[in-house]
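Below is one structure, written out as structure tokens; the observations come after it.
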Amino acid sequence: MSKIDEVRDYELFIGPNHPGIAGNYSFKMKLRGDKVLSAKTDAGYLHRGFEKLMEERLFIQNIAIVCRICVPDPDPNENNYARAVEEIAGIEVPERAHWIRTLVLELSRMASHLFSLGGHAATTGLYVLANWTIADRDRIMELFEELTGGRVYHIYQLPGGVRRDFPDGFGRRVLEVMDYIESRLPDYDDLAINNSLFIKRATGIGVITKEQAISWGVTGPNLRACGVAADVRKDDPYEVYDKLDFEIPTMTEGDSYARMIVRRKELVQSINIVRQIIDKIPSGPVWNKIPNPLKWKVPAGDAYVRTESSKGEYAYYMVSDGGRKPYRVHVRGASTTHGVHVLENLLAGSRIEDASQIMFSLDACPPEVDR
Amino acid sequence: MSENRKGSILKPFKALKFIGEKPVTIRTPFENRPTAPRYRGFHVNDQEKCIGCGTCAEICDNDAIRMIEVPGLEPKVGASNLRPAIDYGRCCWCALCVDVCTTNSLNMTQEYTHVSDDLDTFFMFPDSEGIHKVEFPLGYQASEDSNFLDLERVEMEELSAEERGDSFVEIVKGFSKEQAMAEASRCVACGLCTDTCPAHMNIPEYIEAIWDDNLSEAGRQIYKTNPLPEVCGRVCTHKCETACSIGQRGEPIAIRWLKRYAMDAIPADQYGDINNLKVVKPLGKSVAIVGSGPAGLSAAYYLRLMGYKVVMFEKYPEPGGMMRYGIPEYRLPYDALDKDINYIKEVGVEIKCNTTVGKDVNFDDLHRDFDVVLIATGFHVGRSTRVPGTDHKDVFQAIDLLSKITKGEDIKVDEKIVVIGGGNVAMDIARSLARKQRQKYGKVNLIVTSLESRDIMPADDEEIEEATEEGCVFYPGRGPVEIVIEDGKIQGLKTNKCVSVFDEQHRFSPKFDENDIKLLEGTMVVESIGQGPDMSYLGDYSDKLEMDGRRMKVNEFYQTSMDWLFIAGDIIKGPDVINGIAVGHQAALGIDKMLEKKHDIFFHSIFQVLSKSLKFEENCRKSNAKFEGKFSPVINTMLVEMIKKSEDLEKRIKRLIENPNVLIHLDEKLKRPQEADYFERFVVEETVDENISEKDFLKLVEKKVRTAFGLYHDLEKLTKNKELEFLFGYLKDQKKAQLERIKKLL
Ligand SMILES: Cc1cc2nc3c(=O)[nH]c(=O)nc-3n(C[C@H](O)[C@H](O)[C@H](O)COP(=O)(O)OP(=O)(O)OC[C@H]3O[C@@H](n4cnc5c(N)ncnc54)[C@H](O)[C@@H]3O)c2cc1C
Ligand code: SF4
Ligand code: SF4
């Protein structure tokens, strides 16, 4: 290394409170001028040891913990947890509950995508979109509040079904919100997505090739932006996805902009799915009672379940030794891949002003990494 | 959306159309946004409805709920004086507590704002007025569809009326393992039942053990306070079930049947192993017990375990008192009773049957030959209505007939019988005689009449229903006037309508309508209106004993004014088996206290328990230190480590005793003093023979460590305080590790 290089090379610490970064996340970057030489991520600012905590708690108590593993998109956690227990214990779920769960999952996906669209734009300095999408996301939070009693954490899906049925008139209000969000999409387009400044800032940034994506194990919108139409909802349908009509949008460029577009298109698909659910949902009970949760023992066994979360393929591996608490719950979300390996790869060689955008466009969720 | 990435620089300016819109986020002046009706906001708790079972605290995944004692609130049957207080610094608003609440008293409101820089204000005590005493609509509420509890009992199979009508075979069939486990799984381990049980049985603990299919543990827990579990598993008056918190909205746990299941499932020859019984110290002192009913047997069992010689005197040919000679076989088969009694004999209690005190043995002799005498002779003299005709030879006392049936003697069974009485004893004799009638005549013709109308008849509803099914006919609400006799033969019982049984002060003072007359036909009349004691064996002593009203004066250990005389059972505190057992046990503790002349043997608070355990650890350490360097190197290493460990344990216990935060909870009453008492026996300083062999020494140490292990194990389960639970858990683990090590060396 020459003398000059030594002077120009420096280390930069970003996070954990950097406004361009989702939650408690940080990077240690090596830079040469504006160019990122390498980056090391650290997701450990939200460490609560979810997996370990779960081993110490009754099966029922964990339903209040799992949602915390992904703040913007908590419901796939609840869904995975409930389904894993159901699979091990052989618990049937009433049909209506399957539909409600699907609804909840799609609403959660939309809320998360709105969050990420706004956040993504904000990393390029376009904060107005963030203000809009987050305010619009609030309409979905309101639906959650009505259905589950909680806005951010829903603690709603539990083994055997869901905790409460629709309140009166809920379906109608869901449709109203869908109409509203649908009406807002052109506004988003005008403001950011079709904004030539944004296009310029997002094009060619954080490019993942199809081959890289496959070999790195990328999933979800990040993978679909590279031209691979993979989606657990289609490939291994759960709940009632096989009874619904929807498409898997893809792009081919694999850059930050393509990822934005995929999420934007998925919003449309989700609106479409939600409308079908409200139209077709059967009536009936929403929960098959589980035994007294304080004494409940789940038979020995294991289960691997997965959902398609807003981030990608999201899996739980659960082992029960026949006791009252899970013996082990392993949580594997797409963020571990996207937020660590992929991100570190993409950052190396990028420019400092794009670092936040790259990260946001990957839409990784830190607690999912450090769980 | 621009997939071809041809953007425009002007389009963003379209956003200007929103320039006049009202912003969505700023609200001035500040106002609470209204919430959805199902919102999970601050809790409310209907303090009247709440029974303080603590199930909410149990399910809370954040340990946010602490049950606190409410000043001025008295605990009552089925309700403690604790109520939940919530730490909103911990609460995550999951509402699991709402969905598990046994009474539905705990709900949430739509209130969600609390601003304060004083952290203590986040620890709140919700009542029905809300945390800020401002009314908010209810939010997330308990719902029948989503309730976590199992409210329905596992059904118990019974013989049908046809199957049982002419036989004395036991009616209730008992749970299978699957049924018992399913029933056990409904329990929320709140312990309200324990508070209500006269013997304070470790109910949640044994139910838990049944659920874990660990029958030995269930048996061990049961035997701690009840040496007649086969009996109680069948005929106990089960006050605990009245208190059960699941009974608030559903059917209470079948505690009695669960106990029966556990004891039926354990073979008699395993009882000894399960209880791991060793007579603690042969003391060379002896106790005479008069009467082998539940009270006498219970006292005998526990006294024997403490190391006393116990001799029981029983006037009947076999032990058991009213359990054998009163309660009919179809409710309590003799082999079940014998299983219990045989075990009591096995631990070394001597029972002299066919020996009436006052006739075959002099009461004075007992006083002379034994250190203490306990009398538990029960109520064996039937009371008479004394209406004209009751001196006829075909008028009988229920308990005389019942005891004759047990003895297998011939009794008179006429075709038409009238039974007077509305209690359970009347049901027992009526149903027994109905069986005899069916055996003899192929049909039942039996009338039961009582002063009380049907709604206030003291007998259990099931008894009345089953008696009806078996053919008994009821004439409740009628008072006997005379037994009509013609030519020396009974024709029936003349009755008047009874208008009221009690006067305004709830005193017994029946009023009759003399114009409403009815003759209940029968050629034989059985009186069953109550029993009284016969304590003539006391002789002159009865004049010397201090009285408290009509009863003997006793202290809390049922010790009379003559310090060598204790009293238990129906004659001091009835009216059922479990009260007999509880009083017998308590008397045994009192006798021990007296004979040992110990002060302060009863420590009731956890604080005292901690002090005792500190002393225990100190003693162990000192005793071990004396032998340092005396034995082989392996053992010596172990000793040195044990001494070090003791120091560590002492430090930990001390730290907790001195911690003011924990201290607040330390004066909680220990519910079951007998646990502590057991502990006490090992705290006594003992002198170990200096020349003890290595092996004997090891055995001694092993015994101590094992005892400590058992105690810490129990204490860990007993306390509801987290810090204490942790400490006792830790102590237990240490002892367990030591135990394993010693075992290897032995
Ligand atoms: C018909 C009937 C049914 C009952 N059903 C139930 C029930 O289902 N559940 C329930 O919990 N309770 C029931 N009880 C009540 C219960 O049986 C009594 O409360 C209990 O047995 C009292 O116990 P005890 O030890 O005080 O006396 P007892 O059981 O009455 O025993 C006293 C013993 O002392 C002996 N004795 C008396 N005098 C002398 C003497 N001078 N010398 C030597 N021995 C003597 C007697 O022979 C007797 O064996 C019933 C009672 C009766 C009469
Ligand atoms: S709402 Fe959940 S966290 Fe809060 S007190 Fe109830 S059980 Fe505990
Ligand atoms: S039996 Fe009933 S009262 Fe007793 S611990 Fe169980 S739930 Fe509570």
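Overview of values
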quantity	calculated
Any chance B:Glu409 is modelled with pLDDT under 95, over 25 Å from B:Asp534 (Cβ atoms) and either surrounded by fewer than 18 Cβ atoms within 10 Å (Cβ to Cβ) or outside the structural domain of B:Lys553 (by TED's automatic domain parsing) (or both)	no
Enumeration of residues in the range B:384-436 that are under 34 Å from the mean Cα position of the chain (by Cα) and acidic (Asp, Glu)	B:Asp400, B:Asp428
Residue count, the range A:187-209 (criterion: in contact with a helix residue (DSSP H, G or I) (Cβ under 7 Å, 6 or more places away or on another chain), facing chain B (nearest Cβ under 10 Å) and among the aliphatic types (A, V, I, L, M))	5
Residue in the range B:169-202 that is farthest from ligand 3 (Cβ to nearest atom), counting only those that are among the aliphatic types (A, V, I, L, M) and outside any helix (DSSP H, G or I)	B:Val169
Residue match in the range B:329-344 (condition: over 26 Å from the mean Cα position of the chain (by Cα) and at pLDDT 95 or above)	no
Meets criteria (in contact with a helix residue (DSSP H, G or I) (Cβ under 7 Å, 6 or more places away or on another chain), away from ligand 2 (no atom under 16 Å from the Cβ), modelled with pLDDT under 90 and away from chain A (no Cβ under 14 Å)) for B:Asp543	no
All positions within the range B:310-335 that are within 13 Å of ligand 1 (Cβ to nearest atom) and either within 14 Å of chain A (Cβ to nearest Cβ) or part of a helix (DSSP H, G or I) (or both)	B:Met322, B:Met323, B:Arg324, B:Tyr325
Test: residue in the range B:214-228 that is among the β-branched types (Val, Ile, Thr), within 12 Å of ligand 3 (Cβ to nearest atom) and closer than 22 Å to B:Gly272 by Cα	no
Scope the range A:152-175; condition assigned to a helix (DSSP H, G or I) and touching a residue at least 24 places away in the same chain (Cβ under 8 Å); matching residues	A:Phe170, A:Gly171, A:Arg173, A:Val174, A:Leu175
Selection from the range A:39-54 of residues that are over 22 Å from the mean Cα position of the chain (by Cα) and surrounded by 15 or more Cβ atoms within 10 Å (Cβ to Cβ)	A:Ala39
Of the criteria (1) away from chain A (no Cβ under 11 Å); (2) surrounded by 23 or more Cβ atoms within 10 Å (Cβ to Cβ); (3) not hydrophobic (A, V, I, L, M, F, W, C), which one B:Asp99 fails	(1)
Considering residues of the range B:102-122 that are surrounded by fewer than 18 Cβ atoms within 10 Å (Cβ to Cβ) and among the aliphatic types (A, V, I, L, M) only, the residue farthest from ligand 1 (Cβ to nearest atom)	B:Val115
B:Glu170 more than 16 Å from ligand 2 (Cβ to nearest atom), within 14 Å of chain A (Cβ to nearest Cβ), over 25 Å from B:Lys49 (Cβ atoms) and surrounded by 14 or more Cβ atoms within 10 Å (Cβ to Cβ)	no
Matching residues, the range A:338-360, being out of contact with any Leu (no Cβ under 9 Å at 6 or more places or on another chain) and in a helix (DSSP H, G or I)	A:Val340, A:His341, A:Glu344, A:Asn345, A:Leu347, A:Glu353, A:Ser356, A:Gln357, A:Phe360
Odd one out for A:Val298, checked against (1) surrounded by 19 or more Cβ atoms within 10 Å (Cβ to Cβ); (2) closer than 18 Å to A:Glu182 by Cα	(2)
B:Ala398 being over 18 Å from B:Val484 (Cα atoms), away from ligand 3 (no atom under 16 Å from the Cβ) and in contact (Cβ under 8 Å) with a residue 60 or more places away in the chain	yes
Complete set of residues in the range A:27-82 that are modelled with pLDDT of 90 or more, in contact with a Leu (Cβ under 8 Å, 6 or more places away or on another chain) and among the β-branched types (Val, Ile, Thr)	A:Ile60, A:Ile63, A:Ile65
Qualifying residue in the range B:224-237 (condition: away from ligand 1 (no atom under 16 Å from the Cβ) and either in contact with a strand residue (DSSP E or B) (Cβ under 7 Å, 6 or more places away or on another chain) or outside the structural domain of B:Gly580 (by TED's automatic domain parsing) (or both))	yes
Condition met for B:Ile51 (away from ligand 2 (no atom under 16 Å from the Cβ) and surrounded by fewer than 20 Cβ atoms within 10 Å (Cβ to Cβ))	no
Members of the range A:244-291 found to be assigned to a helix (DSSP H, G or I), more than 12 Å from chain B (Cβ to nearest Cβ) and of a type in the set (A, V, I, L, M, F, W, C), listed by number	A:Ile271, A:Ile273, A:Val274, A:Ile277, A:Ile278
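Conditions (1) in contact with a strand residue (DSSP E or B) (Cβ under 9 Å, 6 or more places away or on another chain); (2) within 14 Å of chain A (Cβ to nearest Cβ), marked per residue:
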| site | (1), (2) |
| --- | --- |
| B:Ala15 | no, yes |
| B:Ile19 | no, yes |
| B:Glu48 | no, no |
| B:Thr55 | no, yes |
| B:Pro71 | no, no |
| B:Gly78 | no, no |
| B:Thr109 | yes, yes |
| B:Asp117 | no, no |
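To keep it simple, each residue is scored yes or no on (1) in contact (Cβ under 8 Å) with a residue 24 or more places away in the chain; (2) within 16 Å of ligand 2 (Cβ to nearest atom); (3) within 22 Å of B:Ala57 (Cβ to Cβ); (4) in a loop (DSSP other than H, G, I, E, B).
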position: B:Phe148; (1), (2), (3), (4): yes, yes, yes, yes
position: B:Arg153; (1), (2), (3), (4): yes, no, no, yes
position: B:Pro204; (1), (2), (3), (4): no, no, yes, no
position: B:Glu208; (1), (2), (3), (4): yes, no, yes, no
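Okay, residues lined up against (1) farther than 27 Å from B:Gln439 by Cβ; (2) of a type in the set (Phe, Trp, Tyr); (3) surrounded by fewer than 13 Cβ atoms within 10 Å (Cβ to Cβ):
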site	(1), (2), (3)
B:Glu462	no, no, yes
B:Ala467	no, no, no
B:Pro476	no, no, no
B:Val484	yes, no, no
B:Lys489	no, no, yes
B:Leu493	no, no, no
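The values are calculated or read from the model by the stated rules, or taken from the named source; none is laboratory data. In this text the structure is predicted, and so the values were computed from the model without any measurement. Heads up, the Cβs are rebuilt from the backbone with ideal geometry, glycines too, and the neighbour counts pull from every protein chain shown.
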